[in-house]
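In what follows, a single structure is set out as structure tokens and then discussed.
The values are calculated or read from the model by the stated rules, or taken from the named source; none is laboratory data. Note that the structure is a prediction, hence the values are computed from the model and not measured. FYI the Cβ positions are ideal-geometry reconstructions off the backbone, even for glycines, and counts take in every protein chain you see. Heads up: the accessible areas ignore ligands, DNA and RNA and are worked out on the full protein's heavy atoms, side chains in. Shrake-Rupley method; radii C 1.70, N 1.55, O 1.52, S 1.80 Å.
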Amino acid sequence: MDWNEAIRALLALAAAYLLGSIPFGYLVVRWWKGIDIREFGSGRTGGTNVSRAAGYSAAFTSGIADAFKAYVAVRFAQWLGTHDLVIALAGVAAVLGHNYSIFLRYRGGAGTSTSIGSAAALWCWNLAILSATLVITARATKRASLGSIAVAMVLLVTVIIRMLLGGDIWTELIHALLTSVLTLWALRPNIERLIRGEERELDTS
């Protein structure tokens, strides 16, 4: 890698992290309800806490925005002409920024929507597959955390199946592995509550 490639790679990753750090959940709730979401519920800026603070319309709006910022981050890395690995890592950096936003003193969400957005930029069918996984699982189980866990697992399985079918997409596997780890790490308290049978249900009525 020469200096020009290195600079483009650093620019792509820095931009991806900053884009991911834009706290749409915080901004939407602050705008709609005048609430600091960090002081409400779980304190996270993701869709579940947004829905409980400001309703499903707010959660949908922030979720779309969170997915879009990650999509743009990956597309920007592609536009810069960086290596496929850097492009995949740009998606990871966007999720990292969402989960640990520089604008919120390194607080954020669990990265589900941002993972979907970045995965969709790498392979367009991920948008339909992962969005359906999230909605169906969350509604069937009435647990948003299980929807997020399912998204992480399905993304990994989908990439592995595509590789077994002959796809040379090892960089996408790295993206799937790292974003899944970030999501599962953020969901540690939820996983503990699931194990104890104490995880709060969604209102799906």
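When segment 128-139 is filtered for residues that are open to solvent by less than 80 Å² (accessible area, probe 1.4 Å) and touching a Ser or Thr at 6+ places or on another chain (Cβ under 9 Å), the ones remaining, listed by number, are 129, 130, 134, 137, 138.
Is it fair to say residue 174 is under 21 Å from residue 49 (Cβ atoms), touching a residue at least 12 places away in the same chain (Cβ under 8 Å) and out of contact with any Asp or Glu (no Cβ under 8 Å at 6 or more places or on another chain)? No, not satisfied.
Conditions tested, residue by residue: (1) under 21 Å from the mean Cα position of the chain (by Cα); (2) over 19 Å from residue 116 (Cα atoms); (3) modelled with pLDDT of 90 or more; (4) charged (D, E, K, R).
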| position | (1), (2), (3), (4) |
| --- | --- |
| 3 | no, yes, no, no |
| 19 | yes, no, yes, no |
| 26 | yes, yes, yes, no |
| 34 | no, yes, no, no |
| 41 | yes, yes, no, no |
| 47 | yes, no, no, no |
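Selection of first residues in segment 11-23 that are within 15 Å of residue 107 (Cα to Cα) and of second residues that are open to solvent by less than 10 Å² (accessible area, probe 1.4 Å) and at pLDDT below 95, restricted to Cβ pairs under 6 Å at least 6 apart or on distinct chains, gives the following pairs, ordered by first then second residue: 23/45; 23/104. Note on segment 49-68: residues that are surrounded by 23 or more Cβ atoms within 10 Å (Cβ to Cβ), within 17 Å of the chain's Cα centre (by Cα) and not polar (S, T, N, Q) total 5.
If you take the residues of segment 161-173 that are surrounded by fewer than 14 Cβ atoms within 10 Å (Cβ to Cβ) and assigned to a helix (DSSP H, G or I), which of them is nearest to the chain's Cα centre (by Cα)? Per the criteria, the residue is 170. Within segment 93-122, restricting attention to residues that are open to solvent by 20 Å² or more (accessible area, probe 1.4 Å) and more than 8 Å from the chain's Cα centre (by Cα), the residue that is nearest to residue 179 (Cα to Cα) is 96. Counting the residues of segment 129-149 that are more than 15 Å from the chain's Cα centre (by Cα) and either touching a residue at least 12 places away in the same chain (Cβ under 8 Å) or closer than 19 Å to residue 173 by Cα (or both) gives 5.
Scanning segment 74-86 for residues that are in contact with a Ser or Thr (Cβ under 7 Å, 6 or more places away or on another chain) and open to solvent by less than 50 Å² (accessible area, probe 1.4 Å) gives a single hit, 74. Taken over segment 174-205, the criterion of being assigned to a helix (DSSP H, G or I), of a type in the set (Val, Ile, Thr) and open to solvent by less than 40 Å² (accessible area, probe 1.4 Å) is satisfied by 179, 183.
For segment 24-35, the candidate set comprises residues that are in contact (Cβ under 8 Å) with a residue 40 or more places away in the chain and open to solvent by less than 50 Å² (accessible area, probe 1.4 Å); within that set, the residue that is farthest from residue 74 (Cα to Cα) is 26.
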